[in-house]
Amino acid sequence: PPSLSTELHLHRSALSAYMSLLIACLPLGLATAPRAPPSPLAMATMAPPLARVAMSASAVNLDAAAVDAAAAAAVLPPTPKTNAVSRKVFGITFALLTALVVTGIYPLVISATIYSKLFDNERRRANDYVVQWWARTTLTLFGAKVALEGQENLPPPGEAVMYVPNHCSFLDIFSLSGFLPRRFKYISKIEILRIPLVGWAMGFAKHIALARTDRKSQLKTLKEAVETLKAGNSLVTFPEGTRSKDGVLGSFKKGPFTMAARAGVRIVPISVVGTHVFGTGALPIAIPRGVRIIVHPPLDAPVAKQEDESMAAARAAVLSGLPAAMRPAEA
């Protein structure tokens, strides 16, 4: 009908006029809206060519300072309010939960071991999946909260690498095993592999035992580590050599970097934040919540006889992800 056609024409005209007015006003709104100051790198790109080099160098320094400031401003998880009774209750609960879960999945452990011996004896990948499931299930049932950051920095799943995290709690192993989405082995104290059920499962998965006071064992561990890396297995090695009692990062030892150099694999630094707040002994004193795993960009494989450079770079990367309370005084 003519009346409907006329009405539609009027609506289209009104809409067209409104859009024209909006487009005309947009530059004015953009011009008057407050703008964030340009970043140092942006200023460098807008600067004249002669000034650009100096400004770019300054921008890099400022960006590095910003990273340090952000890490220093990061905070640990809140310290849990505990007493002697609550600490004992949480510790016993975690121990029972760990034993219950590992006992329940032991048919899977045995099945994975038989399968791996027959078809995948070098890597034992099926065992790795069982270990991950056990660790994640235990922490989840306990109510733990673990956040993974920097997942984009993880190497491809099929690449063997050396992961080098800081170490300040037995919860580091549970957190990394359960929430780092890659398969890997640990170089662990021989005492841990002797723990019934748990240690046996790690042995079935071909984790590597180390007797730290035995020089012969150390050489055997070095040889086994290089062989397992060349076979396609990633390794997690704590380069501090022991747990930090207060969470503060210690000095790194060269062993993991020598292993990586001989096997020709990359180094992946990892910052583990907050596990020590919930216990540095054999059992947790509270439910761990607010734990963070920060994966840093991989470093090239160390050059033989020049491992110190990779060791320093890896420690600097780990340090960059730690809050001030976990940084040593010299940092």
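The values are calculated or read from the model by the stated rules, or taken from the named source; none is laboratory data. The model shown is predicted, which means the values in this text are computed figures rather than measured ones. Counting neighbours? That spans all protein chains shown, and the Cβs are built from the backbone with ideal geometry, glycine included. For accessibility, only protein heavy atoms count, side chains too; no ligands or nucleic acids. Shrake-Rupley method; radii C 1.70, N 1.55, O 1.52, S 1.80 Å.
Here are a few things to note about the model shown:
- Extension gain for ASP120 to THR140 (0.36 nm times residue separation, less C-alpha to C-alpha distance): 4.3 nm.
- Surface accessible to a 1.4 Å probe, TYR115 within the full protein complex, Å²: 120 Å²
- Using heavy atoms of the protein chains and a probe of 1.4 Å, the accessible area assigned to THR221 is about 10 Å².
- Proximal aspartates and glutamates relative to LYS145, as straight alpha-carbon distance under 17 Å, when same-chain residues fewer than 8 apart are discounted: ASP172
- Estimated translational diffusion coefficient (Stokes-Einstein, Kirkwood radius over Cα pairs, 4 °C, 1.567 mPa s) of region 149-233: 92 µm² per second.
- Note on region 215-331: dipole from Cβ charges, positive end direction compared against THR228, PHE252, MET311; the farthest Cα belongs to THR228.
- In this simple spin-label approximation, ALA324 and LEU148 carry label points 7 Å from Cα along the Cα→Cβ vector, and these lie 3.2 nm apart.
- Karplus-based coupling profile of region 107-118, in residue order and whole Hz: x, 5, 4, 5, 4, 5, 5, 4, 4, 5, 4, 7, with θ = phi - 60° in 6.51 cos²θ - 1.76 cosθ + 1.60 and x standing for Gly or Pro.
- Using a probe of 1.4 angstrom and keeping all protein chains present, the accessible surface of region 174-331 works out to 43 square angstrom per residue.
- Residue order for GLU240, GLU122, GLU330, GLU224 - accessible surface, 1.4 angstrom probe, largest first: GLU330, GLU122, GLU224, GLU240
- Given charges at beta-carbon only (K, R positive; D, E negative), |dipole| of region 82-233 in Debye: 400 debye
- At R0 = 25 Å, FRET efficiency that the Cβ-Cβ distance of LYS253 and VAL198 yields, to 0.05: 0.45
- Taking the 1.4 Å solvent-accessible surface of region 91-138 as the whole, the part contributed by carbon and sulfur is 70%.
- Portion, in percent, of the accessible area of region 203-303 that falls on carbon or sulfur, probe 1.4 Å: 56 percent
- Distance cut-off 18 Å, percentage of C-alpha pairs in region 121-195 lying past it: 45 percent
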